[in-house]
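The values are calculated or read from the model by the stated rules, or taken from the named source; none is laboratory data. This one's a predicted model, so the numbers in the text were calculated from it and none came from an experiment. Quick reminder, even Gly has a Cβ in these numbers, built from the backbone with ideal geometry, and neighbours come from all protein chains shown.
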Amino acid sequence: MVKIFSKLFGSRNPLESMKADELKVMEIKLNRKIEDLRNDIRQIESEIQILFEKARSARDKSEEISIARRIKTLAQKKDMKLAAQAQLEKELRAVSNVLILKEHEEDLKAAGVWEKVKGLDPEELESWLISKNLEARSRDELVSTVVEMTSMAMRTGISYEDDLDDILDAIRAVKEGEMEPEEAGRVVSREKDRHTQYS
């Protein structure tokens, strides 16, 4: 796993080497990348919904399977985007917390803790900074776990029938009017999460 600090700051200690203005620019860029990914994810969700809508008029099982495969591909693409978003959110939290420390450098010096923080091992500092935002950490851990489990399932090769069953069931429910395409997209996501949780 690539360490966040080494990726963002190289071998330098950001508390010594980075200026507040530089950190603010990094923060803006990371926020922009995260927003771009969120837009991509919304677009993929919309495409999945459109495919479920298209499945209403599928003529036979062969066409249903073809649509299900396209939905599966989009769902995997969404998982990769979610993994990238989770990583960027970790990086943003690290940068934001370094920035907060820099902005309070004088207060920390006055309290006699600046040198202690600056002297921490980079990995310890990174771990400490990321753990400070507990709410974000718990959300991030949840996303990371789901994405990691999904990736593992993809690597071990889920059987063709098992992998498409949930999507095909949702397609049939849409065709029979028991479910709307938007709801079907959510159900497929929930089913994927449930299977990965217990696999």
### Query
Taking interchain pairs and intrachain pairs at least six residues apart, which have beta carbon atoms under 9 angstrom, with the first residue in the stretch 74-91 and more than 21 Å from residue 31 (Cβ to Cβ) and the second surrounded by fewer than 19 Cβ atoms within 10 Å (Cβ to Cβ) and of a type in the set (Asp, Glu)?
74/45; 74/47; 77/40
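Residues that are buried (at least 18 other Cβ atoms within 10 Å of the Cβ): list the helices (runs of 4 or more DSSP H) wholly contained in the stretch 40-121 that include at least 3 such residues.
Values: elements: 61-103, 105-110, 114-118.
The helices (runs of 4 or more DSSP H) meeting that bar are 61-103.
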### Message
Checking the structure you have, find out if any residue of the stretch 6-27 is of a type in the set (Val, Ile, Thr) and either touching a Lys or Arg at 6+ places or on another chain (Cβ under 9 Å) or more than 21 Å from residue 185 (Cα to Cα) (or both).
### Response
yes
### Query
Taking the stretch 42-53, which residues are touching a Leu at 6+ places or on another chain (Cβ under 7 Å) and free of Cβ contacts under 8 Å to residues at least 60 places away in the same chain?
44, 47
## Note on the structure
Scanning the stretch 2-30 residue by residue, the ones that are among the basic types (Lys, Arg), assigned to a loop (DSSP other than H, G, I, E, B) and out of contact with any helix residue (DSSP H, G or I) (no Cβ under 8 Å at 6 or more places or on another chain) total 1
### Query
residue 181 versus (1) surrounded by 15 or more Cβ atoms within 10 Å (Cβ to Cβ); (2) at pLDDT below 80: which is the lone unmet condition?
(2)
### Query
Scanning the stretch 54-77 for residues that are touching a Leu at 6+ places or on another chain (Cβ under 8 Å) and hydrophobic (A, V, I, L, M, F, W, C), which turns out farthest from residue 186 (Cα to Cα)?
65
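Please pick out the residue among 7, 54, 19, 24 that is over 16 Å from the mean Cα position of the chain (by Cα) and more than 30 Å from residue 114 (Cα to Cα).
Working: 7 fails: more than 30 Å from residue 114 (Cα to Cα); 19 fails: more than 30 Å from residue 114 (Cα to Cα); 24 fails: more than 30 Å from residue 114 (Cα to Cα).
Answer to the check: 54.
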